[in-house]
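Below: one structure, written as structure tokens.
The values are calculated or read from the model by the stated rules, or taken from the named source; none is laboratory data. This one's a predicted model, so the numbers in the text were calculated from it and none came from an experiment. All Cβ positions, glycine included, derive from the backbone under ideal geometry; neighbour counts span all protein chains shown. Remember, those area values only see protein heavy atoms, side chains included, never the ligands or the DNA or RNA. Shrake-Rupley method; radii C 1.70, N 1.55, O 1.52, S 1.80 Å.
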Amino acid sequence: MSQPSHEKDHQAMAWLEQFSRQIDDDPDMLEALPIAEIRVELQALGVNVEGFHTRLAKTLRSAKLKQTANTLIQWISPIWQPQWVGQFVGAGDIPEQTHTFRLEHGAIDISCSWKPQSGDTPAYLELSWKADIVMEGEFWCRFIHPDTRVVLADVLLGTSKEGGKYFTHQELGFDPSQEAWSIVILVK
């Protein structure tokens, strides 16, 4: 004996709500479970899939928009090239470089210093920041070549409005003590 239509609809709605919660908890699930597999699961419940397709597509679009919103750039700074970048200067000769990026409502202060490889210590760049801004999000630092505008590295600084990070040339993919680079700060 088959289930009444309203019982099937109830089961399908419960499945769809559970699926929506799973997408909210794990947005990467969207890539792992294509729409064809979702239709098969609903059909296995005995549901007329076409009736739910529109609502399911809307749920998936909403989840994808939420996921995309997390990667949208809210603000991007102008390019800043610290003095003496890409020039050979003795390890103790480069003072800490500082710069302030002004926003409409606040500022982000950046400080950096770098050293060439010395013995077993690899070349590195030390970066610190302090943001006095109202927007929330992740802070990223994009290193670009000042002449070609080629992106050398994108590094996540985090969500804290104040902090510091230490990057070796292996982590950056370029030697900050010998290659030319500039900084762009992004808030995503």
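Structural remarks
- Solvent-accessible area of Glu171 with every protein chain in place, 1.4 Å probe, in Å² to the nearest 10: 110 Å²
- Modelled FRET efficiency - R0 30 Å, Ala180 with Arg61, Cβ distances, 0.05 increments: 0.10
- Spin-label pair Ala36-Lys188: with each label point 7 Å from Cα along the Cα-Cβ axis, the two points sit 3.0 nm from one another.
- Inter-label distance for Glu7 and Leu72, nm, one decimal - labels placed 7 Å from Cα along Cα-to-Cβ: 4.5 nm
- Cross-link pairs beyond the 23 Å C-alpha cut-off, checked among Lys115/Lys165; Lys115/Lys161; Lys115/Lys188: Lys115/Lys161; Lys115/Lys188
- Computed with a 1.4 Å probe on the full set of protein chains, the accessible area for His169 sits at about 50 Å².
- Distance distribution note for region 75-187: the fraction of Cα pairs above 23 angstrom is 25%.
- Given R0 = 22 Å, the distance between the Cβ atoms of Ala153 and Ser111 translates into a calculated FRET efficiency of 0.75.
- Backbone HN-Hα couplings from phi across region 180-188 [Karplus 6.51/-1.76/1.60, Hz, Gly and Pro as x]: 6, 8, 9, 10, 10, 9, 10, 10, 10
- Site pair His99 and Glu162 shows an inter-label distance of 2.3 nm when each label is modelled 7 Å from Cα along Cα→Cβ.
- The GluC sites (Glu not before Pro) of region 95-168 that DSSP puts in a loop, and whose beta carbon has at most 12 other beta carbons within 10 Å, are Glu96, Glu104, Glu136.
- Here the contact order of region 75-187, divided by its residue count and restricted to Cα pairs under 8 Å and six or more residues apart, works out to 34 percent.
- For region 134-183, trypsin sites (Lys or Arg not before Pro) are listed when DSSP marks them as loop and at most 13 other Cβ atoms sit within 10 Å of their Cβ; the list is Arg149.
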